[in-house]
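Trainee: So that we are looking at the same thing, I have put the structure below in structure tokens.
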Amino acid sequence: LQASLNPNASHTRQLAVTSDRYSHYREALARQQLAIVPVEGDGNCLFRSVSHQVYGTDAYHSLVREKVMAYMEVERQYFEPYVEGDMADFLRYLEVKRRDGVWGDDPEVQAICELYDRPAVIWVYDAAQGAKK
């Protein structure tokens, strides 16, 4: 899977928090002893979520973003193939991703796992089960 240089190309909210689908999702997570922790929907949600899990608050999302993007730059030989284009495009991608409010993508999730030495488990809505890994 390759990330695009267009920072918010395909990002749309999939579930309205007042919908039956959202309730189904929340209930399925509860069966796994998981809960949804609301964070501001300002494009920093990935970094806010990591900040919440690592530091106990989403307030350090900027620090998480800064560290993740610096790590990806240091490890550019590894991460560059996961971004469309060449090394120059990758460096532009990092420049865009360093901006406040720009959504994180798959390469950032991988970098987060490596940087914080923790696995990521991402749950998504599933019509049949409510939620799945």
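The values are calculated or read from the model by the stated rules, or taken from the named source; none is laboratory data. These numbers were taken from a predicted model, which means no experiment stands behind them. Because the Cβ atoms are built from the backbone with ideal geometry, glycine has one as well, and the counts that use them run over all protein chains shown. The protein model used for the area step is the full one, side chains on, heavy atoms only, and it has no ligands, DNA or RNA in it. Shrake-Rupley method; radii C 1.70, N 1.55, O 1.52, S 1.80 Å.
Trainee: What is the gain in length, in nm to one decimal, between Asp20 and Gln53 on full extension, counting 0.36 nm per residue of separation less the C-alpha to C-alpha distance?
Mentor: Gain in length upon complete extension: 9.2 nm.
Trainee: Could you work out how far apart the two model spin labels at Val96 and Asp126 are, taking each label as a point 7 Å from the Cα in the direction of the beta carbon, and quote it in nm?
Mentor: For Val96 paired with Asp126, the spin-label model returns 3.2 nm.
Trainee: So which aspartates and glutamates pass the test for Lys132, namely a Cα distance under 16 Å, with those fewer than 8 places away in the same chain ruled out?
Mentor: Within the straight-line limit of under 16 Å, Lys132 reaches these aspartates and glutamates: Glu27.
Trainee: Would you please classify the overall shape of the stretch 76-126 from the alpha carbon gyration tensor, given that a ≥ b ≥ c denote the square roots of the eigenvalues, rounded means a/c under 1.5, and beyond that prolate means a/b larger than b/c while oblate covers the rest?
Mentor: Here the stretch 76-126 falls in the prolate category.
Trainee: Relative to the first principal axis of the alpha-carbon coordinates of the chain, what is the inclination of helix 87-97, with its axis defined by its Cα atoms, in degrees from 0 to 90 and to the nearest 10?
Mentor: So the helix axis and the longest Cα principal axis differ by about 50 degrees.
Trainee: Once fully extended, how much extra length lies between Leu34 and Ser62, figured as 0.36 nm per residue of separation less the alpha-carbon to alpha-carbon distance?
Mentor: 7.6 nm
Trainee: Over the stretch 21-133, what is the relative contact order in percent, taking alpha-carbon pairs closer than 8 angstrom and at least six residues apart?
Mentor: 30
Trainee: Would you work out what percent of the accessible area of the stretch 32-78, with all protein chains in place, is carbon or sulfur (probe 1.4 Å)?
Mentor: So the carbon and sulfur contribution to the accessible surface is 50 percent.
Trainee: Further question on the same structure: Cut-off 10 angstrom, C-alpha nodes, Gaussian network model of the chain. Which of His61, His24, His52 fluctuates the most?
Mentor: It is His24.
Trainee: Mean residue ellipticity at 222 nm from the helices of the chain, using -39,500 (n - 2.57) per DSSP H segment of n ≥ 4 over the full residue count, to the nearest 500 deg cm²/dmol?
Mentor: The per-residue figure over the chain is -14000 deg cm²/dmol.
Trainee: Using only C-alpha atoms and all pairs of different ones, pull out the Kirkwood radius for the stretch 21-102 in Å with one decimal.
Mentor: Kirkwood hydrodynamic radius for the stretch 21-102: 14.5 Å.
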